[in-house]
1. When you go through (1) closer than 24 Å to A82 by Cα; (2) touching a residue at least 24 places away in the same chain (Cβ under 8 Å) one by one for A44, which number turns out not to apply?
2. Scan region 11-51 for residues that are assigned to a helix (DSSP H, G or I) and among the β-branched types (V, I, T) and jot them down.
3. Of all residues in region 57-74, which are hydrophobic (A, V, I, L, M, F, W, C) and in contact (Cβ under 8 Å) with a residue 12 or more places away in the chain?
4. Within the group I21, I7, I11, which residue is at pLDDT 95 or above and under 14 Å from I74 (Cα atoms)?
5. So, in region 38-87, how many residues would count as being surrounded by 15 or more Cβ atoms within 10 Å (Cβ to Cβ) and of a type in the set (A, V, I, L, M)?
Amino acid sequence: MNIISWIFASIAVGMLVNLIIPRHLSVGFLGTAGMAVLGGVVLAFLVTVFGFAAELSFDVRSLAAAVAGALGAIAVMTLWMARYQKR
């Protein structure tokens, strides 16, 4: 149950953040959503493993960690595009 909420929350964050990223730094809706899911699920899983969130039931702390992980991954991706994109 938790991983499903992490995935969908991260996808939603990725889609919404993609609307405000400048077009020349964007990798598209699917790229941003994929990167957001990667960051969100990894951080939420780590928060759960280290005992900061409940493991077998829905927990708002793990959902907040998924949103934070998604935002962090998108920030890293955008900085990467700003630094290494060919002009």
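1. Result: A44 fails condition (1) only.
2. I11, V13, V17, T32, V37, V41, V42, V47, T48, V49
3. Answer for region 57-74, where residues must be hydrophobic (A, V, I, L, M, F, W, C) and in contact (Cβ under 8 Å) with a residue 12 or more places away in the chain: F58, L63, A65, A66, V67, A68, A70, L71, A73, I74.
4. I11
5. Number of matching residues: 19.
The values are calculated or read from the model by the stated rules, or taken from the named source; none is laboratory data. None of these values were measured; they are calculated from a predicted model. Glycine gets a Cβ as well: all are built from the backbone with ideal geometry, and neighbour counts include every protein chain shown.
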